[in-house]
1. Name the single residue, out of those in segment B:194-214 being over 14 Å from residue A:222 (Cα atoms) and part of a loop (DSSP other than H, G, I, E, B), that is nearest to the other protein chains (Cβ to nearest Cβ).
2. Would you check which residues across segment A:36-60 are modelled with pLDDT of 90 or more and away from every other protein chain (no Cβ under 14 Å) and list them?
3. Just checking, does segment B:120-141 include any residue being over 22 Å from residue B:166 (Cβ atoms), under 20 Å from the mean Cα position of the chain (by Cα) and buried (at least 18 other Cβ atoms within 10 Å of the Cβ)?
4. Under the condition of being surrounded by fewer than 22 Cβ atoms within 10 Å (Cβ to Cβ) and touching a helix residue (DSSP H, G or I) at 6+ places or on another chain (Cβ under 8 Å), which residue from segment A:469-489 is modelled with the highest pLDDT?
5. Can you pull out every residue in segment B:156-184 that is outside any helix (DSSP H, G or I) and more than 14 Å from chain A (Cβ to nearest Cβ)?
6. Restricting to segment A:83-106, what's the tally of residues that are assigned to a helix (DSSP H, G or I) and farther than 17 Å from residue A:526 by Cα?
7. Condition check: away from chain A (no Cβ under 11 Å), crowded, with 20+ Cβ neighbours inside 10 Å, out of contact with any strand residue (DSSP E or B) (no Cβ under 9 Å at 6 or more places or on another chain) and under 30 Å from residue B:117 (Cα atoms). Does residue B:279 satisfy that?
8. Every residue in segment B:287-333 that is surrounded by 23 or more Cβ atoms within 10 Å (Cβ to Cβ), within 14 Å of chain A (Cβ to nearest Cβ) and closer than 30 Å to residue A:50 by Cβ, please.
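The values are calculated or read from the model by the stated rules, or taken from the named source; none is laboratory data. Quick caveat, the model's predicted, so the values are computed rather than measured. Heads up, the Cβs are rebuilt from the backbone with ideal geometry, glycines too, and the neighbour counts pull from every protein chain shown.
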């Protein structure tokens with residue numbers, strides 16, 4: 001009796017704590033909504049009548065192309081690598097993750113340089129095959145090309161999700177498909193794809209969010225998307241109210257998408273029957289080898305090695321202009337803020353998810369959904385909402401200026417990327433039955449002890465995965481850093497961007513190369529962890 | 001393992017808090033982020049011992065930050081590459097008047113703010129470049145003439161979300177009135193070789209690639225292209241020639257824009273701020289700009305870099321540069337209504 005009471009009380013304080021943190025996370029968004037009420041005049045009608053429809057349609061079209069190619073680049077290699085044994089399999093299994101190390105705007109700038117009239121491809125053709133060089137002299141800055149380039153940068157989200165899922169589907173299902181007399185192709189469509197749908201959809205969701213938030217690349221390609229509309233209202237038309245309205249609409253659309261994904265996943269809820277035997281890798285027929293090599297190498301080479309080679313070449317060209325002292329400082333800065341923010345994000349995400357698990361009440365469930373909202377807003381809008389918030393506090397306590405402090409920057413990172421860190425931890429927690437909690441309760445373990453003795457150890461891999469994924473996203477982060485950074489503070493991302501928009505791509509290359517190297521190293525760790533989880537038997 | 005982890009975390013957190021504070025400093029909110037700026041600030045610090053702190057971001061974001069920080073703002077100076085943004089900041093009451101005889105005598109009369117809220121440091125012209133194979137110089141004359149039917153499918157320019165195009169359109173509205181500007185925009189859109197996209201440099205490359213014949217670009221970028229590390233880009237730069245529009249006897253001159261500085265209303269280090277502006281407009285400061293970039297100096301006693309000089313002198317549109325800000329919104333609406341993407 002005594003123990004039970006204490007337990008309940010403690011639980012309450014945990015719940016209370018989570019509510020306070022949730023308020024902190026959601027507060028800036030509330031200020032954005034408050035800003036909505038204060039709008040004096042809006043250009044929303046004007047925008048609707050002129051450009052908004054076109055911008056919205058562009059957005060859908062771009063999302064469609066990017067999603068299509070991301071699925072293609074992600075699912076098919078994942079299928080062959082999860083199911084078959086072939087020479088070079090481990091090489092592809094590692095490298096297929098790597099394009100995630102390249103920020104999408106760098107991918108876009110790099111490719112537009114590679115494909116341009118003065119780029120290596122066309123110059124090579126002009127010198128050696130002058131007759132046909134004209135065929136390739138095209139305007140490559142097209143929405144379709146941009147869609148494919150973004151897919152090259154983003155497909156690893158889908159690859160990693162389907163790679164894990166395909167490998168975890170047990171041998172029972174394969175036997176089932178054999179018994180049903182399904183061909184391999186049919187079993188892929190009828191069994192594996194439906195069973196992996198939740199994983200693939202969650203990967204696709206991330207891809208779509210990234211496309212929605214993309215700003216630098218779309219601007220460069222002259223493709224106006226919904227997000228460009230937000231910035232047009234804010235920067236060009238000087239109407240913050242309209243920008244906020246547009247952001248809130250975006251927020252609502254993304255929320256609906258989010259729930260749609262949930263709904264679809266709920267319908268097909270399925271447990272990777274933990275006990276069923278894993279299937280062995282099969283040998284690949286010779287005639288299929290060529291096909292497999294091409295589907296695996298296209299995303300790897302176009303998504304990683306070609307842009308990397310181009311960037312390295314730029315670095316060599318500008319080697320003598322590199323300021324190494326500055327480079328070290330920026331590397332340190334980037335790693336510093338990314339590490340701190342990632343750790344905070346993981347602690348907060350774990351806190352929410354853990355409390356949701358042990359308390360099982362509705363409030364915590366809702367809160368834990370809401371804190372992901374920040375991911376649906378463009379980074380610059382989060383920066384703006386924080387400025388709005390901090391300054392209205394500042395009016396109350398006029399003494400200190402918080403804007404431009406590291407704490408605010410990291411606060412903003414947490415709001416924006418909490419969803420990224422939450423997702424791997426959540427899927428790991430979901431796999432564990434609730435009986436763990438009940439047993440622990442019966443044993444009289446306090447929540448703290450449960451966390452320490454049960455949840456931390458069994459979710460170790462998920463926590464490391466969450467750290468790496470968030471860390472890489474933060475390494476690439478740009479808009480929040482630009483708007484909220486302290487004096488004299490540069491990161492690898494901001495420096496790359498500053499050179500790139502001033503059309504000095506070669507000078508930006510050493511900084512983007514550093515981002516790519518650091519992120520790649522982290523991805524290699526991630527790959528190791530994923531492999532431990534899938535634990536595919538060899539031979 | 002755990003101990004190492006905690007100690008690393010603590011070190012990181014501490015390193016966040018301990019920003020060195022010195023009293024002898026000046027704080028900049030800057031839209032400029034060229035390598036030459038860093039050099040200028042280092043030189044200034046060596047000379048005066050005043051440390052220059054910089055935050056670099058988009059001008060509108062910086063204005064938002066300034067506005068919200070209000071009296072608590074640490075900013076002394078607001079540096080932009082567009083007079084329109086300085087006008088906007090002044091219009092919102094975020095700047096104060098600058099009075100310094102030194103600056104006054106340093107900078108060219110033509111570039112000064114009539115209201116005294118900002119000072120120019122450099123300027124750039126938005127000019128035409130044309131294919132030296134397919135276009136004869138004699139066929140070119142004014143911005144207005146670009147809508148001529150003979151240029152159907154020949155004109156290249158970047159997107160209307162670009163601030164330089166917005167400034168150009170504002171200058172057209174200010175000079176010719178809204179109606180004529182709408183006509184101009186419509187005509188130009190009809191003559192576009194392709195949808196607006198890419199950077200200024202890309203427009204030049206597109207001429208080299210034969211996708212169009214005439215491009216509207218900033219003078220600054222041609223200089224960059226002609227000094228590229230890559231041979232192919234140099235060739236592209238050599239495939240075009242520079243033309244300053246509206247130079248005729250009764251014509252107003254080419255559109256220019258300044259890079260300039262405003263003094264923040266609540267500047268905490270005002271004296272240092274003025275000193276920095278005096279230095280940047282001085283002969284030494286201006287020479288650093290022209291030696292390390294392709295901008296025109298605001299100080300008439302300093303001549304631009306060799307490449308820039310080789311394009312010759314030109315007549316400047318005498319329009320009050322504050323108009324570039326005042327007509328900005330109208331310019332955007334014209335873009336949207338006439339389909340200049």
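1. That would be B:209.
2. Within segment A:36-60, A:56, A:59, A:60 meet the criteria.
3. If we filter segment B:120-141 for residues that are over 22 Å from residue B:166 (Cβ atoms), which is where we start, we get B:130-141.
Pick out the ones that are also under 20 Å from the mean Cα position of the chain (by Cα) and you get none.
No, every residue in segment B:120-141 fails to be over 22 Å from residue B:166 (Cβ atoms), under 20 Å from the mean Cα position of the chain (by Cα) and buried (at least 18 other Cβ atoms within 10 Å of the Cβ).
4. Within segment A:469-489, the first condition is being surrounded by fewer than 22 Cβ atoms within 10 Å (Cβ to Cβ), and the residues that meet it are A:478, A:486-489.
From what's left, touching a helix residue (DSSP H, G or I) at 6+ places or on another chain (Cβ under 8 Å): A:478, A:486, A:489.
On the way: A:478: 87, A:486: 87, A:489: 90.
For segment A:469-489, the residue satisfying everything is A:489.
5. The initial filter retains those residues of segment B:156-184 that are outside any helix (DSSP H, G or I), namely B:156-162, B:177.
B:177, the sole residue that qualifies.
6. Step one: list which residues in segment A:83-106 are assigned to a helix (DSSP H, G or I), which gives A:83, A:89-95, A:98-101, A:104-106.
Narrowing further to those that are farther than 17 Å from residue A:526 by Cα: A:83, A:89, A:104-106.
Number satisfying all stated conditions: 5.
7. Working: away from chain A (no Cβ under 11 Å): yes; crowded, with 20+ Cβ neighbours inside 10 Å: yes; out of contact with any strand residue (DSSP E or B) (no Cβ under 9 Å at 6 or more places or on another chain): yes; under 30 Å from residue B:117 (Cα atoms): yes.
Against the criterion (away from chain A (no Cβ under 11 Å), crowded, with 20+ Cβ neighbours inside 10 Å, out of contact with any strand residue (DSSP E or B) (no Cβ under 9 Å at 6 or more places or on another chain) and under 30 Å from residue B:117 (Cα atoms)), residue B:279 qualifies.
8. Scanning segment B:287-333 gives B:324, B:327, B:328, B:331, B:332.
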